[in-house]
Every structure is written in C-alpha cells, then in structure tokens.
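To start, the structure under review is shown below, and the notes come after it.
The values are calculated or read from the model by the stated rules, or taken from the named source; none is laboratory data. The structure displayed is predicted, hence computed values, not measured ones. Using ideal geometry, Cβ is built from the backbone for each residue, glycine included, and neighbour counts are taken over all protein chains shown.
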Amino acid sequence: MFIDVTFFVKYVFLFLSFFVYSQQLTLQDTGVNLEFIKRELSAPYQSNTVIITGNKYYFKKSINATLKLSNNESPVNVVTNYNLLEQTFDVFDGSETLKLLPNKIKKVIFPDKEFVSIDNKFYEAIEVNDNFSLLADTYLEIYFPEYTPGIQDKPDPKYRKKNSVLLYYKDRFNYVERRKSFLISMFNKNMAKEINTFMKKNKISPRDNDELKSLFVEFHSSLNR
C-alpha cells in the first residue's frame with residue numbers, strides 16, 4: 001500500500017501546530033483566570049494538619065468547573081476540587097493552596113455535578129429551582145478505629161463520607177431525614193395518602209437523591225415547613 005509521505009508529514013505538522021496553539025490559548029486563559037481568582041474570588045489558607053488515610057476530596061482529581069459569580073459578572077473557568085474535610089473548593093496555583101470564597105460565588109458547575117452557595121457555605125445541589133432547593137451537605141467524619149492499648153499501636157484516624165440532606169425553603173434550612181414517615185410529615189396532613197400512594201407507585205427510596213428529588217418536585221406546593 002502506497003503512502004504519500006509528503007502529505008503525511010504536512011498533516012502531522014499541521015496537527016502539532018494546532019495542538020500547541022490550542023495549549024497556548026488554554027494556558028493563557030487559565031493564567032488570566034487564575035490571577036483574577038487569586039485576587040477576587042479566593043484566599044490562601046493553612047490546610048488541616050490532621051493526618052488521615054485516603055482521599056479527602058469529592059473527585060479523584062481536580063477537574064474543570066465554571067464559576068457563576070454573585071455579582072453576575074461573566075462566568076470564570078477554573079480547575080478545582082471539593083475538599084470534603086474542610087468543606088471548601090481548593091485551587092492550586094503551583095506554590096500554594098487557595099480556597100474559593102462562597103460569598104463571592106453563586107455556583108460551581110462541573111460537567112455532571114453542581115454546587116451552590118447559600119449563607120456563605122457550599123452545598124451539593126440535588127434540585128434547585130424557584131420554589132425550593134434540595135441540597136446535600138457532604139463532608140468527612142473523622143473517627144479512630146478500635147484498638148487494644150498496650151497491645152496494638154494507636155492507629156491513625158480514619159474517615160467516612162457523610163451526607164446530610166437539607167431542604168432550603170422560604171429562606172430557611174430544614175433537615176431531611178431519609179425515612180418515609182418523616183418525609184410524609186413534611187407536607188400537609190391532607191396530602192399524606194396521596195404522597196404515600198405516589199411513593200409506592202414510583203418506588204421512591206429515601207436513600208436515592210434522584211428519587212427523593214422527584215417527590216419534592218411533585219408536591220412542593222404542599223410543603224408545610
């Protein structure tokens with residue numbers, strides 16, 4: 001099979017030129033954004049000195065996100081990750097770790113996940129609309145494994161991922177227990193039978209965020225909280 005070497009070399013050269021140019025644009029944009037983020041949207045901080053095993057971040061590695069700002073200026077792109085231990089978004093500039101300021105940022109939008117800022121704190125968004133916000137407060141709980149003093153060395157602290165669901169309704173936070181009876185109690189009493197039927201028919205599991213969301217979307221007008 002005959003291959004036109006001249007065409008192949010030209011093609012590779014054009015591809016590499018485009019790749020380098022694209023990388024330069026990306027680096028340039030990132031640099032501009034990083035300076036703005038450092039100056040306006042973040043603050044340096046000392047990370048928690050507690051030694052724990054495992055990953056303390058929401059994602060396995062930092063990924064691209066879009067920041068919607070509280071002052072409605074143009075969105076800003078950033079590479080970040082949610083620190084579950086300290087409940088902040090970390091940004092690394094190569095020399096220090098910065099934390100994004102929730103009072104300056106309205107939303108942090110990832111390709112398949114969104115966080116919102118309410119009352120100077122970030123929450124994972126399960127459902128956010130004009131009527132209510134169903135949120136997850138996700139964090140790490142530190143604990144010490146059991147051991148026998150004098151026989152075993154004291155182990156390093158470990159952690160487990162915790163997730164509390166909150167309903168933000170009429171400018172108030174309400175804790176949501178993942179129990180069917182509790183969920184029904186959040187709505188008007190005269191809707192109990194209808195809600196119970198809806199949960200059975202749609203096999204709503206209080207442990208599933210998407211299914212929980214469908215319940216509040218369907219009956220939000222009957223909330224009594």
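Structure notes:
- Whichever residue in the range 137-146 is exposed (fewer than 15 other Cβ atoms within 10 Å of the Cβ) and among the aromatic types (Phe, Trp, Tyr) and, among such residues, is nearest to ILE118 (Cα to Cα): TYR143
- Unique residue being crowded, with 17+ Cβ neighbours inside 10 Å and at pLDDT 85 or above when the list is THR66, THR97, THR80: THR80
- Residue match in the range 108-115 (condition: part of a loop (DSSP other than H, G, I, E, B), over 14 Å from the mean Cα position of the chain (by Cα) and without any contact (Cβ under 8 Å) to a residue 24 or more places away in the chain): no
- If the condition is being surrounded by fewer than 11 Cβ atoms within 10 Å (Cβ to Cβ) and basic (Lys, Arg), then the range 147-164 contributes LYS154, ARG160.
- Considered as a group, the residues in the range 205-219 that are touching a residue at least 12 places away in the same chain (Cβ under 8 Å) and part of a loop (DSSP other than H, G, I, E, B) include one that is surrounded by the most Cβ atoms within 10 Å (Cβ to Cβ), and that residue is PRO206.
- Check on LYS180, more than 20 Å from GLU124 (Cβ to Cβ) and in contact with a Gly (Cβ under 9 Å, 6 or more places away or on another chain): no
- In the range 165-201, the residues that are exposed (fewer than 10 other Cβ atoms within 10 Å of the Cβ) and part of a strand (DSSP E or B): ARG172
- Test for GLU127: is it under 15 Å from GLU218 (Cβ atoms) and in a strand (DSSP E or B): yes
- Top-ranked residue in the range 14-60 [being farther than 23 Å from LEU101 by Cβ and at pLDDT 75 or above; ranked as farthest from the chain's Cα centre (by Cα)]: ASN55
- Test result for LYS106, within 28 Å of LYS213 (Cα to Cα), of a type outside the set (A, V, I, L, M, F, W, C), surrounded by 14 or more Cβ atoms within 10 Å (Cβ to Cβ) and out of contact with any Cys (no Cβ under 7 Å at 6 or more places or on another chain): yes
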